[in-house]
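Take a look at the structure below.
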Amino acid sequence: MSDTKPGQSEETAKEGEGFQETFMSHLFELRDRVIKAAIAVIVVFLSLVYWAPDIFHLFAKPLLDALPAGGKMIVTDVTGSFFVPMKVTMLVAFLIALPIVLYQMWAFIAPGLYTHERKLVLPLVVSSYSLFLVGMSFAYFLVFPTVFQFMASYNAPLGADMSTDIDKYLSFAMSTFLAFGITFEVPVVVVVLVKMGIVSLEKLKEIRPYVIVGAFVIAAIVTPPDVLSQLFLAIPMCLLYELGLFIARFYLPKTESEEEKSE
C-alpha cells in the first residue's frame, strides 16, 4: 500500500525523502567537523595548561610593566586566581588551533562552492588569520604599553594606588584584542566586496569620507574612554581601508578591471 498522500505523486515523495536524507547527511557532517575542531582546541589546551600561570603573566605583562614600584594585580573573586589563567590559556589554545578550525569549516562548505570561489577561499582564510594576529600584536605591543603608562601617570597626582583585578583586566584585554583583530580585517572585507561584485571599487572610493567618520565613531564606542586608544584604532582602520582599496584593484571583476585600465 502506498504511503503517499492523495494528490501527491511518488516522484514528489521521493524528492522529499531525498532532500531529508541530504539534509541529515550534512547535519551529521557538520557535527563531525565541529567535534574535530573542538578536539583540536582541547588537545592544544591540555598541552598548555601546565604553563597557565606563566601564560597569564605574559598576557598581563604590559600592565605589570606600567604599575609603579610595589604595584600589583589583585584578585577579588574567590576562584579568580584559578579560572582567569585557565580562560587565558583556553583563548591562546583557540588561537593556535584556529587554522584547524578554519580548515574544518572550509572542508564543510567547499563542496557547495564554484571553482573560482574555492580558489579565493584559501588566500582569504590565510590573510584573515594573519591580519587578526597582527591586529592583536599591534594592541599588545603598542597600544597596551602606551595606554597603561598614560593612565598610570594620572594616578600619581591623585595619590591613588593603581591596582587592577585580574578578571577585569582579562575583560578589558579581550575586548581590545577583538576590536583590533576585527579592525585589521578591513582589507579582506574590501577585497571580498569588490571581488564578489557587491560594491564597485569606485563606489568604495566615493564613500571614503564616511568611512573615516565611521572609523572614529567605532573607535569611540569599542575602546576605553581615552583619546589615545581611539586614535590607535581609528587611524589604522583608515589606513587599512586604503590598503584594501589598493589590493582590490588586482581582484576587480573583468568588466570593471577593463574600465579601470582604460581610465
Output for region 53-77, where each listed residue is in contact (Cβ under 8 Å) with a residue 40 or more places away in the chain, in a helix (DSSP H, G or I) and open to solvent by less than 80 Å² (accessible area, probe 1.4 Å) = 56, 59, 62, 63, 66
query = Out of region 101-124, which residues are without any contact (Cβ under 8 Å) to a residue 24 or more places away in the chain and aliphatic (A, V, I, L, M)?
reply = 109, 110, 113, 121, 122
inquiry  = So the check is Cβ under 7 Å with 6+ separation or different chains; which pairs have a first residue in region 242-253 that's among the aromatic types (Phe, Trp, Tyr) and a second one that's in a helix (DSSP H, G or I) and open to solvent by less than 90 Å² (accessible area, probe 1.4 Å)?
reply    = 251/191; 251/194; 251/195
query = From the set of residues in region 82-121 that are of a type in the set (S, T, N, Q) and surrounded by 14 or more Cβ atoms within 10 Å (Cβ to Cβ), which is modelled with the highest pLDDT?
reply = 89
task = Provide a single number: the residues in region 186-217 that are modelled with pLDDT of 90 or more and of a type in the set (Ser, Thr, Tyr).
result = 1
key: Residues (among the aliphatic types (A, V, I, L, M), over 11 Å from residue 195 (Cα atoms), surrounded by 14 or more Cβ atoms within 10 Å (Cβ to Cβ) and modelled with pLDDT under 85) located in region 221-263   = 222, 228
ask   = Could you give every pair whose Cβ atoms fall below 9 Å, whose first residue belongs to region 161-187 and is open to solvent by less than 20 Å² (accessible area, probe 1.4 Å), and whose second residue is modelled with pLDDT of 90 or more and part of a loop (DSSP other than H, G, I, E, B), counting only separations of at least 6 or pairs across chains?
value = 166/60; 169/60; 170/60; 173/60
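The values are calculated or read from the model by the stated rules, or taken from the named source; none is laboratory data. Note that the structure is predicted; figures quoted are calculated from it, not measured. Using ideal geometry, Cβ is built from the backbone for each residue, glycine included, and neighbour counts are taken over all protein chains shown. With ligands, DNA and RNA removed, areas are computed over all heavy atoms of the protein, side chains included. Shrake-Rupley method; radii C 1.70, N 1.55, O 1.52, S 1.80 Å.
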